[in-house]
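Below is one structure; the comments refer to it alone.
The values are calculated or read from the model by the stated rules, or taken from the named source; none is laboratory data. From a predicted model like this one, the values you see are computed outputs, not experimental measurements. Here the Cβ positions follow ideal geometry from the backbone for every residue, glycine too, while neighbour counts run over all protein chains shown. Ligands, DNA and RNA are stripped out before the accessible areas are found, and what is left, the full protein with its side chains, is counted by its heavy atoms. Shrake-Rupley method; radii C 1.70, N 1.55, O 1.52, S 1.80 Å.
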Amino acid sequence: QVQLVESGGGLVQPGGSLRLSCVVSGIIFRAYDMSWYRQVPGKQRELVARINGRENTNYDDSVKGRFLISRDNAKATVYLQMNSLKPEDTAVYYCNAKLGGSDRWGQGTQVTVSP
């Protein structure tokens with residue numbers, strides 16, 4: 001079956017860095033657009049960054065210049081390097097794989113940015 005397993009979340013001080021990973025199985029990974037979303041309680045899930053099969057990327061304005069999304073098709077893994085973290089980056093981060101009508105989600109990993 002399809003599985004997306006995130007890791008790398010945790011507690012970090014403002015200005016710090018974290019790298020999230022999402023290992024995917026059960027799909028033809030290289031064909032899928034891969035994205036990272038985040039959600040805080042009481043708010044809608046929002047797109048943070050996306051990378052397609054040709055490695056074209058796009059980012060939410062709030063993370064441009066601080067976050068970097070990348071993928072390793074050989075390892076079926078997508079990464080999110082997060083630098084210069086701010087308290088407002090605190091959220092549960094979710095990995096997403098999308099191809100046509102197929103839309104898959106991971107279970108999420110908590111990122112907390114606090115002194």
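Note on ILE28 and VAL40: their simple-model spin labels are 4.0 nm apart, each label 7 Å out from Cα toward Cβ.
Here GLU55 and LYS86 are evaluated by their C-beta separation; at R0 = 22 Å the FRET efficiency comes out at 0.25. Each principal axis of the Cα cloud of segment 39-82 was evaluated for its coordinate range; sorted largest first, these ranges are 37, 20, 17 Å. Probing with 1.4 Å while keeping every protein chain in the model, the per residue accessible area of segment 29-115 equals 53 Å². Sorted from greatest to least, the principal axis extents spanned by the alpha carbons of segment 15-115 come out as 40, 26, 21 Å. Working value for segment 62-115: equivalent-ellipsoid semi-axes of 23, 14, 10 Å, each the square root of 5 times a Cα gyration tensor eigenvalue, largest first. Taking the Cα centre of the chain as reference, the dipole from Cβ charges on Lys and Arg (+1) and Asp and Glu (-1) amounts to some 140 debye. Within the accessible area of the chain, the carbon and sulfur atoms contribute 47%, probe 1.4 Å, all protein chains present. Each label point was placed 7 Å from the Cα along the Cα-to-Cβ direction; for ASP72 and ARG104 their separation is 1.9 nm.
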